[in-house]
Amino acid sequence: MTKKCFMVLLIFFLLFGFGVLEATSGSGPPSDQIIRNTIEKTIEESWGNGSGGGIARETRNFNLESLEILAKGKWHKEKQWILIKTRVKFTSETRGFAGSWRPENMDETVEFKVFKDDYGHWRAVHSHYTKFNQLN
C-alpha cells in the first residue's frame, strides 16, 4: 500500500471515528423544522382526514390553529427516535352517534415519538394526550 493511500484511509477512519462523517450521513437527530413538519403531517393525517384521530367518528372542516413544541427529549441514536412534547390546538366538526355534526375544539398536550422508518423517512406517532388546562 502506498503512503498516499494509507494517509487517505487514515484520515477517513479518523473522521468517521470522531463522528464528522456520521453527522453528514443523516443519522443524527432531526432539525426543529423536520420535527415540526413531521408532526403537522401526522396531525393532519390522523385527525384531519376524517378519521377523528383513530376514534370511530367522522371529522370535517379540520383547521390546525397552532402547534407549539414544549419540550424535546433525548435523541436515541441506536433506534433513531426522539420524544417531543407539544401543545396542539385545532378546530373541526365531528359527526356524533346520532348523525349530526357538532363543532370540536382541541387544546391538548400531546407527546409524539418522531423517528426514521425503515425507508429513511421521518414519521411521528402520538403516544398520549391530555387536556392542556389540566396540566396547569
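So here's what we get for this one:
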read-out	value
Selection within the stretch 86-107 - surrounded by 17 or more Cβ atoms within 10 Å (Cβ to Cβ) and within 23 Å of the chain's Cα centre (by Cα)	THR86, VAL88, PHE90, SER92, MET106
Matching residues in the stretch 58-87 - criterion: being over 26 Å from TYR119 (Cβ atoms) and of a type outside the set (S, T, N, Q)	GLU58, ARG60, PHE62, GLU65, GLU68, LEU70, ALA71, LYS85, ARG87
Helices (runs of 4 or more DSSP H) lying entirely in the stretch 19-136 (those with 1 or more residues that are out of contact with any His (no Cβ under 8 Å at 6 or more places or on another chain) and at pLDDT below 75)	20-24, 132-135
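The values are calculated or read from the model by the stated rules, or taken from the named source; none is laboratory data. Every value quoted in this text rests on a predicted model; they were computed, and no experiment measured them. So basically every Cβ, Gly included, is an ideal-geometry build from the backbone, and we count neighbours across all protein chains shown.
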